[in-house]
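Reviewing the structure listed below.
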Amino acid sequence: MRLDDFDPNIDVGDQGNRGGGFGGGGGGGGLLFGLLPLIGSRFGCGGIVVVLLLMAVFGGLGNLGGMLGGGGSGTQVTRSAPADGGSATQVCTSDPAKKAACDAFSSAQKTWTALFAQSGKRFEAPGLRFFSQNGQSGCGAAQSAMGPFYCPTDQRIYLDTSFFNELANRFGAKGDFAQDYVIAHEFGHHIQNLLGTSDQVQRIQRSGSETEGNAASVRLELQADCYAGVWAAQNRSRMDQGDLQEGLTAAQAIGDDTLQKESTGRVVPDSFTHGTSAQRMHWLQRGIETGDPAQCDTFSGAI
């Protein structure tokens, strides 16, 4: 995808590699104890069970990659200033992978700013924070094993760019558009946060059963896929031949059913939190075909 260079005024920072500490208080606890509370708050006990099962198969959370990346809920914003790691220009030009992520992030911000203006809604820009292995977000610790994720508390996307290598080498999802899709999906979670959709899902997760909470999470993730497609459609003239297939390949590779089959040999639909491969491909393609956020209503009817 042929994107413009990033806007130097975007909110970007780089936490670098913060070493072995996990969580706000420094060392202690380790990856498992730091990550499970976050998973439990988002996906319930079923999510924790699935993660523990995958740990047994893969030999540790460090091998799970981007499966656990995604959105969240809540609207409180507590941003630190100044941004970590220098100016946006310094951060984004320090590494080719970061430059690509900044270009996609900047494009998504420009696109959604325009879409919100067209609908008469107020847009608030998110931030992008890079980290290596270990970092810290407004939602708690950031770990490479968690994959890219959006934190609604500080309205930032967190990314260890090593995930792009995993996406290409482990999941077979190569190409620049596959990487752009990841950024656009996380940006979609910011849109859901601004529109209050994330709060609605959180209420369902708190008041409903585990199965109902997981089902709501699936709809949230599929809508973020559709929003990623809307961004691509709004920039269709910049897409190259093969970009669509790159995105669909990425969506297929990270479907819940595909990941569960690869890890355990069996599929447990009630434990799905992101949607099947077919669903993720469908909603990404729907966004690309329509270019209309209104067509991304995954909460009405069948998905």
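Each reported figure results from applying straightforward, stated rules to the coordinates on display, with no laboratory input. Not measured: the values here are computed from a predicted model. As a convention, Cβ positions derive from the backbone with ideal geometry for all residues, glycine included, and neighbour counts pool all protein chains shown.
Using 0.36 nm per residue, how much length does the chain from ALA117 to GLU212 gain when fully extended, once their Cα-Cα distance is taken away?
30.8 nm
Between ARG203 and ARG170, what is the label-point separation in nm under the 7 Å Cα-to-beta-carbon projection?
Going from the ARG170 label point to the ARG203 one covers 3.6 nm.
Provide SER87, SER277, SER300 in ascending order of the number of other Cβ atoms located within 10 Å of each residue's Cβ, fewest first.
SER300, SER87, SER277
Restricting attention to the stretch 159-216, which trypsin sites (Lys or Arg not before Pro) occupy a DSSP loop and are surrounded by at most 14 other Cβ atoms within 10 Å?
ARG170
Under the classification rounded if a/c is under 1.5, otherwise prolate if a/b is larger than b/c and oblate if not, where does the stretch 194-303 fall, given a ≥ b ≥ c as square roots of the Cα gyration tensor eigenvalues?
Here the stretch 194-303 falls in the oblate category.
How do 180-191, 231-242, 248-259 rank on mean C-beta neighbours within 10 Å, highest first?
180-191, 248-259, 231-242
Residue separation times 0.36 nm, minus the C-alpha to C-alpha distance between ALA125 and SER237: what's the value?
37.9 nm
List the lysines whose Cα lies under 24 Å from the Cα of LYS110, skipping any in the same chain that are fewer than 8 positions away.
Cα-Cα hits under 24 Å: LYS98, LYS99, LYS121.
Is the stretch 116-206 rounded, prolate or oblate when judged by the Cα gyration tensor, a ≥ b ≥ c being the square roots of its eigenvalues, rounded requiring a/c under 1.5 and prolate requiring a/b larger than b/c?
Since a/c reaches 1.5 and a/b is larger than b/c, the shape of the stretch 116-206 is classed as prolate.
By average Cβ neighbour count within 10 Å, what is the ranking of 216-229, 3-16 from highest down?
Per-residue Cβ counts within 10 Å, averaged per peptide and sorted highest first, yield 216-229, 3-16.
Let me know the shape class of the stretch 99-157, please: from the alpha-carbon gyration tensor, a ≥ b ≥ c as square roots of the eigenvalues, rounded when a/c is under 1.5, otherwise prolate if a/b is greater than b/c, or oblate.
Oblate shape, in that a/c is at least 1.5 and b/c is the bigger or equal ratio.
Once the other residues with Cβ under 12 Å from the Cβ of ARG286 are scored (Lys, Arg +1; Asp, Glu -1), what is the net sum?
-3
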